[in-house]
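The values are calculated or read from the model by the stated rules, or taken from the named source; none is laboratory data. What you see is a predicted model; the values in this text were computed from it and never measured. Quick reminder, even Gly has a Cβ in these numbers, built from the backbone with ideal geometry, and neighbours come from all protein chains shown.
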Amino acid sequence: MPGLLQRRLIFVTGKGGVGKSTVATALGLLAARHGLRTIVAELASQQRVGQAFEHRGEHFRELEIAPHLFTISIDPERAMEEYLRLKVGAVGHLLSSSRLFHAFAMATPGMRELCSVGKVWELAQLERRTSGAAPYDFVVVDAPATGHGVGILRTPRTFSEIARVGPIARQSSKIAATIADREFTGIVAVATPEEMAVNETFALRDALARDRLPLDLVIVNALYPPRFDDEEVARLGQALARARSPLGRTALRAALSEHARTATQHEQRARLNGALDAEVIELPYLFADHVGRPELEVLADALARRLEQPSPSIGS
Ligand SMILES: Nc1ncnc2c1ncn2[C@@H]1O[C@H](COP(=O)(O)OP(=O)(O)O)[C@@H](O)[C@H]1O
Ligand SMILES: [Mg+2]
């Protein structure tokens with residue numbers, strides 16, 4: 001199995017708020033450092049990637065935010081219009097400008113997901129359909145929160161099975177085959193070291209397994225650094241028992257509660273390690289007001305240390 005950076009299309013999934021957009025961008029930065037022409041594609045119009053790089057304005061276009069690094073925010077309706085114009089020519093034009101057709105198509109269950117994932121697929125093609133568009137070496141998809149993330153991965157197969165024949169069936173089965181191709185596509189789950197996020201990661205793995213899609217990598221994001229060893233914790237406890245001043249007691253309690261939180265985080269990380277076949281790697285919690293370019297570079301460094309060397313489960 002090729003390593004993650006040797007594939008072309010990476011889906012980053014996970015529960016809301018765990019750091020999917022952050023990790024997707026850091027992964028994009030890492031690939032771009034290797035000289036890979038890279039795009040981070042955000043689904044569900046989050047526009048987080050451009051914001052981290054302080055880009056404003058048009059987000060539904062491919063926008064270069066750093067050398068070799070592009071971003072796009074994918075809107076399902078626009079993706080559908082583009083597809084219709086390219087594939088069905090004049091009739092497509094007519095359909096794509098019909099508001100009734102739009103409303104009808106977008107109300108079809110799964111159509112929004114299909115259009116979004118279809119655009120992602122198009123970005124990952126060596127021969128781009130979008131006229132004048134250059135190919136990408138590496139496409140990172142910042143998928144919506146878990147349930148939806150699985151939907152995005154599953155929808156093409158569902159459509160190909162339901163439609164059976166015709167252009168939708170053909171296109172869907174092509175996309176489904178690309179997603180199932182483990183040399184081409186990788187699936188990454190992001191989790192914070194908290195019980196709920198870890199539970200969701202197990203649920204995600206199980207949901208993907210039902211579609212015979214494995215998780216390639218789990219990234220435990222925002223791990224606190226261990227600050228105190230056992231002996232120091234014991235001394236802090238004794239100090240608290242003796243402390244008289246309110247300020248001193250508050251400080252000691254804060255230190256002990258941070259230690260407790262770190263310990264819980266490490267338990268949750270161990271739960272993940274113990275129960276998954278996928279490789280589990282960690283990213284530190286960054287104590288910053290705002291995760292911007294410098295912080296993303298730090299996270300890309302941390303990913304580099306883990307992903308650039310071949311390892312038993314994700315190395316080739
Ligand atoms: N490793 C980290 N250290 C500190 N803050 C982080 C880290 N990862 C993410 N964040 C912050 O947590 C919040 C949620 O991250 P985000 O990537 O938007 O999550 P998601 O895309 O999963 O909803 C953001 O404010 C982000 O800047
Ligand atoms: Mg996000």
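What do you reckon, is V140 in contact with a helix residue (DSSP H, G or I) (Cβ under 7 Å, 6 or more places away or on another chain) and within 16 Å of ligand 2 (Cβ to nearest atom)? Explain how you work it out, then say what you get.
Values: in contact with a helix residue (DSSP H, G or I) (Cβ under 7 Å, 6 or more places away or on another chain): yes; within 16 Å of ligand 2 (Cβ to nearest atom): yes.
For V140, the condition - in contact with a helix residue (DSSP H, G or I) (Cβ under 7 Å, 6 or more places away or on another chain) and within 16 Å of ligand 2 (Cβ to nearest atom) - is met.
Of all the strands (runs of 3 or more DSSP E) wholly in the stretch 119-223, which have at least 3 residues that are free of Cβ contacts under 8 Å to residues at least 40 places away in the same chain and either within 24 Å of S73 (Cβ to Cβ) or not hydroxyl-bearing (S, T, Y) (or both)? Write out each step before concluding.
Numbers: elements: 138-142, 185-191, 217-223.
Because the criterion is at least 3 residues that are free of Cβ contacts under 8 Å to residues at least 40 places away in the same chain and either within 24 Å of S73 (Cβ to Cβ) or not hydroxyl-bearing (S, T, Y) (or both), no strands (runs of 3 or more DSSP E) in the stretch 119-223 meet it.
Which pairs turn up if I take residues in the stretch 69-95 that are farther than 14 Å from A105 by Cβ and look for partners that are at pLDDT 85 or above and hydroxyl-bearing (S, T, Y) with beta carbon separation below 9 Å, at least 6 apart in sequence or on another chain?
L69/T25; L69/T38; F70/T38; F70/Y136; T71/T25; I74/S116
Identify all residues within the stretch 117-146 that are within 16 Å of ligand 1 (Cβ to nearest atom) and either out of contact with any Asp or Glu (no Cβ under 7 Å at 6 or more places or on another chain) or over 18 Å from G186 (Cα atoms) (or both); write none if there are none. Full working, then the answer.
Filtering the stretch 117-146 for residues within 16 Å of ligand 1 (Cβ to nearest atom) gives 140-146.
The answer is V140, V141, A143, P144, A145.
Can you tell me how many residues within the stretch 68-90 are out of contact with any Gly (no Cβ under 8 Å at 6 or more places or on another chain) and assigned to a strand (DSSP E or B)?
Number satisfying all stated conditions: 3.
Look through the stretch 96-112, keep the residues that are within 29 Å of the chain's Cα centre (by Cα) and either closer than 20 Å to G151 by Cα or of a type in the set (F, W, Y) (or both), and return whichever of them is surrounded by the most Cβ atoms within 10 Å (Cβ to Cβ).
Once the filter is applied, the top-ranked residue is R112.
Could you give me the residue pairs with C-beta distances under 8 Å whose first residue belongs to the stretch 8-20 and is in contact (Cβ under 8 Å) with a residue 24 or more places away in the chain and within 11 Å of L153 (Cα to Cα), whose second residue is within 13 Å of ligand 1 (Cβ to nearest atom) and polar (S, T, N, Q) wherever it lies, and which are 6+ apart or on separate chains?
T13/T146
Are any residues in the stretch 90-131 within 17 Å of I179 (Cβ to Cβ) and among the small types (G, A, S), and if so, which ones?
Correct list: G110, S116, G118, A124.
Spot the failing condition for G292; the list is (1) surrounded by fewer than 15 Cβ atoms within 10 Å (Cβ to Cβ); (2) more than 16 Å from ligand 2 (Cβ to nearest atom), and only one is missed.
Just one mismatch for G292, condition (2).
What residue, of V49, V40, V12, V18, is surrounded by 24 or more Cβ atoms within 10 Å (Cβ to Cβ), among the β-branched types (V, I, T), modelled with pLDDT under 85 and within 16 Å of ligand 2 (Cβ to nearest atom)?
Numbers: V40 fails: modelled with pLDDT under 85; V12 fails: modelled with pLDDT under 85; V18 fails: modelled with pLDDT under 85.
That would be V49, the only listed residue that is surrounded by 24 or more Cβ atoms within 10 Å (Cβ to Cβ), among the β-branched types (V, I, T), modelled with pLDDT under 85 and within 16 Å of ligand 2 (Cβ to nearest atom).
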